[in-house]
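Contents: one structure, followed by commentary.
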Amino acid sequence: MRESIGTAIATPNIAMVKYWGRVKNEYNMPLNSSLGITLDFSLKTKTSVVFSHKLDRDRVIIDGKDRIAGQNNEKIANLIFVMNKLKKESGIDRGTHGLVVSQNSFPSDAGLSASSSGGAAFVLAANDALNLALSRKQLSILARHISGSACRSVYGGIVGWKRTPADGTEESYGEEVFAWDWWPELRDIVVILEEKKKKVPSSMGHDITPKTSSLYKCRPEYAEQSFEAALEAIRRRDFDRLGMVIMRESNSMHATMLDSMPPIFYLNDRSLEIIQASEELNEGSGHIKSAYSFDAGPNPHLFTTQRYRNEVLRMLDGIDGVRMIIEVGVGSGPQMSEEHLIDDNFRPVLQHSKP
Ligand code: PMV
């Protein structure tokens, strides 16, 4: 049998209501609900997967580097776990190994949620390579095992992911709640301040914060309220309301991170400057024009609408240290591709221009 290569392109899903904290040892079963926007193809991850008995081991190559599963790289270990699960499901023989080649069009370690697009692209590509025809829900569950936020990236539009119910055992997955074209004016202005690898991987933070932060005790309930408030604001296309939820959510999550022991902080001086500048822009106008949101890194996502984007860009002109600005809209979700990153001899294909 000729091995078939599966290739998918997925994009990050950026949370407006943030997932932070998981049920222990359960492959990213979340302690609170979250809600995120799947971005358009301005930021993307392309991943090819092939399975063959001609390969002597499982290999994962991301942005040209071999990635090894280990204590500090839980997501790669999770990916190998999912790969083995899929191998078993497809019934291929035990001597068959997998090769994964993945390339990001943006800095992958800077807290821009490369693991959400990477996890989603991997499960879609592997599903295709093995001809499994799994449903989106099944793919979302598998992507969640790799990185929580990846369960949202397998869908386009605005995607919800409900918290783990108290009785615990049910599977957890994302669901599209608004189609990608529900609110075409929505924008995420991604500001790159730093491209360095973050010191504390999110996978560690999800365990440390619930265990050590006393502020965290109020966090899951607050996130549930934010989830409902964000849904209502999006339903009405009311950016003043949505922007307020976005900023308070980001601040709430980062407060619990700082309250953790050891403390976790991802923001730098420039991030704080951008919070301040956004506050000034909003306050002076009586509207929310720049709604900042930070994930596990210093680089802001400035949510805005088409109407205010020029003002937000002008605001950024006054900030030193901005390396790159990428303006992104709401995306329609992952796509399959026939242009593979693996050749017929199982070698990674070098792409000179990023995908
Ligand atoms: O998907 P993970 O395990 O990298 O966690 C994502 C955490 C945040 O990006 C901070 C929030 C979110 O909901 O995406």
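What to note about this one:
- Taking Cα centre as origin and charging only the Cβ of basic (Lys, Arg, +1) and acidic (Asp, Glu, -1) residues, the dipole magnitude of the stretch 29-77 rounds to 140 debye.
- Virtual spin-label span in nm between GLU224 and ASN251, 7 Å along Cα→Cβ: 2.4 nm
- If you plug the beta carbon distance of GLU170 and SER214 into 1/(1 + (r/R0)^6) with R0 = 30 Å, you get a FRET efficiency near 0.55.
- Value of Rg to Rh for the chain, rounded to two decimals, is 0.97; Kirkwood radius and Rg both from alpha-carbon coordinates.
- Between the stretch 38-64 and the stretch 248-308, the alpha-carbon center distance in angstrom: 32 Å
- Counting every alpha-carbon pair across the stretch 296-355, the share separated by more than 19 Å comes to 57%.
- For the pair ARG57 and PHE265, the difference between a 0.36 nm per residue extended length and the Cα-Cα distance amounts to 71.1 nm.
- Remark: the stretch 317-333, residue by residue, has Karplus-estimated 3J(HN,Hα) of 4, x, 10, 6, x, 7, 8, 7, 10, 10, 9, 10, x, 7, x, 8, x Hz, where x stands for each Gly or Pro and the curve is 6.51 cos²θ - 1.76 cosθ + 1.60 at θ = phi - 60°.
- Spin-label model, ARG94/ASP240: points 7 Å from Cα along the beta carbon direction are separated by 6.6 nm.
- Cβ-based charge dipole, the chain, positive-most Cα from HIS53, THR304, SER213: HIS53
- Restricting the stretch 247-355 to GluC sites (Glu not before Pro) in coil, as DSSP defines it, with at most 10 other Cβ within 10 Å: GLU338
- Principal axis dimensions, largest first and in whole angstrom, of the stretch 1-160 by Cα: 45, 33, 31
- The alpha carbon centroids of the stretch 150-221 and the stretch 222-245 are separated by 15 Å.
- Kirkwood Rh, angstrom, the stretch 95-169 [1 / mean 1/r, Cα pairs]: 13.5 Å
- Remark: the ASP207-MET336 segment gains 43.0 nm on full extension, using 0.36 nm per residue and subtracting the alpha carbon distance.
- Computed 3J(HN,Hα) for the stretch 155-163, one whole-Hz value per residue from the Karplus formula 6.51 cos²θ - 1.76 cosθ + 1.60 where θ = phi - 60°, is 10, x, x, 9, 10, x, 9, 7, 5, glycine and proline marked x.
- Rounded to the nearest 5, the antiparallel percentage of DSSP beta bridges internal to the chain is 90%.
- SER4/GLU327 FRET efficiency (R0 30 Å; Cβ-Cβ; nearest 0.05): 0.25
- The accessible surface of the chain, taken with every protein chain in place and a 1.4 Å probe, is 49 percent carbon and sulfur.
- Förster-model FRET efficiency, 22 Å R0, ASN25 and VAL200, C-beta, rounded to 0.05: 0.70
- Residue-by-residue Karplus 3J(HN,Hα) for the stretch 197-202, coefficients 6.51, -1.76, 1.60, Hz, glycine and proline x: 5, 6, 6, 10, x, 4
- Normalising by residue count, the stretch 246-290 has a Cα convex hull of 64 Å³ per residue.
The values are calculated or read from the model by the stated rules, or taken from the named source; none is laboratory data. Keep in mind that what you see is a predicted model, and the values were worked out from it rather than measured. Ideal geometry is used to build each Cβ from the backbone, glycine not excepted, and the neighbour counts take in all protein chains shown. These accessible areas exclude ligands, DNA and RNA; they are computed on the full protein's heavy atoms, side chains included. Shrake-Rupley method; radii C 1.70, N 1.55, O 1.52, S 1.80 Å.
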